[in-house]
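Asker: Take a look at the following structure, please.
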Amino acid sequence: MSDVALSLLLSRWQFAVTIGLHIILASFALGLASFLAFLEAVWLIRKEKRYFEAYTFWLKVFALTIVVGAVTGVLMEFQFGANWGPLSAKAGAVVGPLMFYEVLVAFFMESALAGVMIFGLNKIGPKLHFCVTLLVAIGAFISAFWILAANSWMQTPTGFSIDAAGHFRPDNWWSIIRSPSLPWRLTHMVIAALLATAFMVGGVGAWRLLRGLNIPAAKLMVSSSMWLAVVLMPVQIVVGDLHGENTLKYQPQKVAAMEGGWQSPPPGVGEPLRLFALPDQQEQRNHAEVAIPQIASLYLKHDLSSHIKSLSEFPPSDIPPVIPVFFGFRLMVGMGIMMLTLSGTALYLRLRRRLYESKALLKWMTLMAPAGFIAMLAGWVVTETGRQPWTVWGHLRTEESVSAHPANWIIASGVAILVVYAIAFFAGLYYFLRYVSTHGSEQQVKTHV
């Protein structure tokens, strides 16, 4: 492997680790902010103690996500600027303003108001405090919009021109912001963040219910999270289907990699659904393939005979790494099916008035607590690895976007980032597990109610 190829590989791995871990915290913060706004609103209306108990319990977890997220976010920006200088130079005129708006919202609206939200619980009036919580939740959605606007433009770029020096120039900001994939990408990601938070909240509530910790608040966590899952899981399936159609239109080789389709079926025969396979990129074939004929065409184009472009129809240099995309897609879908099954089972037991009495369900919910985040990370592997070999789809290749640093420099910076990430994540995870296992919020309720 050449020095340039090694530097590119190391830079990609470093970015994958930083963005992968950071997106968990960003998504959890978005979901928790919405959940906290819901809890505080209902508490103001009903004045039921359990809503405030749940609110104060998750407020500390929200504070933890903000602290750890700030650490990981700064390091992510460092490696982005250090390792991807040519990308910043060439596409900065378009991507830079979009990210600036996100930083502006994140720091001035989310961070500042989050401080008031966390430390002002007993210092400002309940109604004013709810307004602050609501603004933090709104700020999280606005922040997600600008991040996804930048990412969607890189996936399906519009509204730009390229000058003689190879720099992207914005021609139509409305077109840039409204890139073809943004509506589905944004909706899919926001719902994913809400679902991931719901299953984490439900898992924690189930675990505490099994151990008899703050029973009313724990029951509320279980109930509210499963209601949200029952409503949003079918919506996410529909949005995911529409997102898949959009991807097929604008990034067909990504879909071909997701399906593991190396060769097209005969004319008039639809693409099979491959339940399992071992893709071999060198030989351009699958080993140990288990498939159901024509089903992929059914869910991609809604009939049994439509042609889906295969990987052999694209230049080899434009094909993404198939193995991570293929298995990442199946992991995401598999986790989604398990989450749908769990939420359906919870609804069935609720109707039979056994939601809180079924220990099997509560144990299942506990095990499924991280399911939404696992599905989310798998989806990001599909999205970002499937975009290769492009950083700006069809116009700027990844190998043209990386800084020409020596491999040993990238290794040193990567090790330093991993050390900081490990300390931040393990310390945060240790506190989180200890907190949800032992903490009660009775004292906080006495001081505020």
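Asker: Scan segment 154-175 residue by residue and report those that are in contact with a strand residue (DSSP E or B) (Cβ under 8 Å, 6 or more places away or on another chain) and in a helix (DSSP H, G or I).
Answerer: Correct list: Met154 only.
Asker: Could you check segment 379-394 and list, in sequence order, the residues that are among the hydroxyl-bearing types (Ser, Thr, Tyr) and open to solvent by 20 Å² or more (accessible area, probe 1.4 Å)?
Answerer: Listed by number, the residues that qualify are Thr383, Thr385.
Asker: A follow-up question, please. Confirm whether Ser264 is open to solvent by less than 30 Å² (accessible area, probe 1.4 Å), polar (S, T, N, Q) and in contact with a Ser or Thr (Cβ under 7 Å, 6 or more places away or on another chain).
Answerer: no
Asker: Tell me which residues, restricted to segment 289-329, are under 21 Å from Gln388 (Cα atoms), polar (S, T, N, Q) and assigned to a helix (DSSP H, G or I). So that I can check it myself, show each step before the final result.
Answerer: Applying the first criterion (under 21 Å from Gln388 (Cα atoms)) to segment 289-329 yields 308-329.
With the extra rule that they be polar (S, T, N, Q), the set shrinks to 310, 312, 317.
The answer is Ser312, Ser317.
Asker: Could we say that Phe57 is closer than 30 Å to Thr156 by Cα, in contact with a Phe, Trp or Tyr (Cβ under 9 Å, 6 or more places away or on another chain), in contact (Cβ under 8 Å) with a residue 24 or more places away in the chain and not hydroxyl-bearing (Ser, Thr, Tyr) here?
Answerer: No; evaluated as a whole, the condition is false for this residue.
Asker: Given the options Ile162, Ile215, name the one that is surrounded by fewer than 21 Cβ atoms within 10 Å (Cβ to Cβ) and in contact (Cβ under 8 Å) with a residue 24 or more places away in the chain.
Answerer: None of the other options fit; the residue is Ile162.
Asker: To continue, here is another question. Report the residue count in segment 178-188 for those that are open to solvent by 30 Å² or more (accessible area, probe 1.4 Å) and either of a type in the set (A, V, I, L, M) or within 18 Å of His395 (Cα to Cα) (or both).
Answerer: Result for segment 178-188: 2.
Asker: Moving on to the next point. Just to be sure before I move on: is Ala229 open to solvent by less than 10 Å² (accessible area, probe 1.4 Å), of a type outside the set (S, T, N, Q), out of contact with any Leu (no Cβ under 6 Å at 6 or more places or on another chain) and touching a residue at least 60 places away in the same chain (Cβ under 8 Å) in the structure I sent?
Answerer: So Ala229 fits the description; yes.
Asker: Out of Leu64, Leu104, I need the residue that is among the hydrophobic types (A, V, I, L, M, F, W, C) and in contact (Cβ under 8 Å) with a residue 12 or more places away in the chain. Which one?
Answerer: Leu64
Asker: Filter segment 93-128 for residues that are open to solvent by less than 50 Å² (accessible area, probe 1.4 Å), out of contact with any helix residue (DSSP H, G or I) (no Cβ under 7 Å at 6 or more places or on another chain) and within 18 Å of Val61 (Cβ to Cβ) and give the result.
Answerer: Hit for segment 93-128 is Gly115, nothing else.
The values are calculated or read from the model by the stated rules, or taken from the named source; none is laboratory data. Not measured: the values here are computed from a predicted model. Don't worry about glycine lacking a Cβ; one is built from the backbone with ideal geometry, like all the others, and counts go over all protein chains shown. With ligands, DNA and RNA removed, areas are computed over all heavy atoms of the protein, side chains included. Shrake-Rupley method; radii C 1.70, N 1.55, O 1.52, S 1.80 Å.
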